[in-house]
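Shown next, in structure tokens, is the structure this report addresses.
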Amino acid sequence: MEKFLKLLVLAPYFYFLRWIEKVDKDSRYFTFFYYFYWIYLPLWALFSIAFTGFSVLLFNYILLSPRDLTRWGICLLLIFLSLVNDWKVFDCLKKMNKLRLDKKKASNN
């Protein structure tokens, strides 16, 4: 059940990369996906920023002794992964903004 919940949370993120490339603005489901992603991506960004903050706090709290290289490596990896996730969400939001501008431009013409 736990893996199914993870799949439900992550599936829209990975489907977005496919959807944004093949978007059909005249599709019947376009508005549903369009507004869904405008809600889902900012929530994902908030989660990602919170995870980045958690990783930095964990990095400062647990690593009192710099001699433990395994913990240093794990915490640096967590921080790196959370920053990469922040960048990917920002990239997705830029694509959505471009889509919004194209939609606005098409409605004005």
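Starting from the exponent 0.38 and prefactor 2.2 Å, build the expected Rg for the stretch 18-109 from its residue count and divide its actual Cα Rg by it.
1.54
Roughly speaking, what is the centre-to-centre gap between the stretch 1-57 and the stretch 73-99 when only Cα atoms are used, to the nearest Å?
The two parts, judged by their Cα centres, are 12 Å apart.
For the chain, what is the mean residue ellipticity at 222 nm derived from helices alone (per DSSP H run of n ≥ 4: -39500 (n - 2.57); sum divided by total residues; nearest 500 deg cm²/dmol)?
-31000 deg cm²/dmol
With a Förster radius of 25 Å, plug the Cβ-Cβ distance of Leu83 and Lys22 into 1/(1 + (r/R0)^6) and report the FRET value to the nearest 0.05.
About 0.30, to the nearest 0.05.
Can you send over the carbon and sulfur percentage of the accessible area for the chain, probe radius 1.4 Å, protein chains only?
Carbon and sulfur: 70 percent of the exposed surface of the chain.
Using the crude model of +1 on Lys and Arg Cβ and -1 on Asp and Glu Cβ, and no other charge, please compute the dipole size for the chain relative to its Cα centre, in debye to 20.
360 debye
From the C-alpha gyration tensor of the stretch 16-59, pull out the three semi-axes of the equivalent ellipsoid (sqrt of 5λ each), sorted largest to smallest, in whole Å.
So the equivalent ellipsoid measures 32, 10, 4 Å along its semi-axes.
The values are calculated or read from the model by the stated rules, or taken from the named source; none is laboratory data. No experiment lies behind these values; they were computed from the predicted model shown. All Cβ positions, even for glycine, are placed from backbone atoms using ideal geometry, and neighbour counts span all protein chains on display. All accessible areas refer to the heavy atoms of the entire protein, side chains included, with ligands and DNA or RNA removed. Shrake-Rupley method; radii C 1.70, N 1.55, O 1.52, S 1.80 Å.
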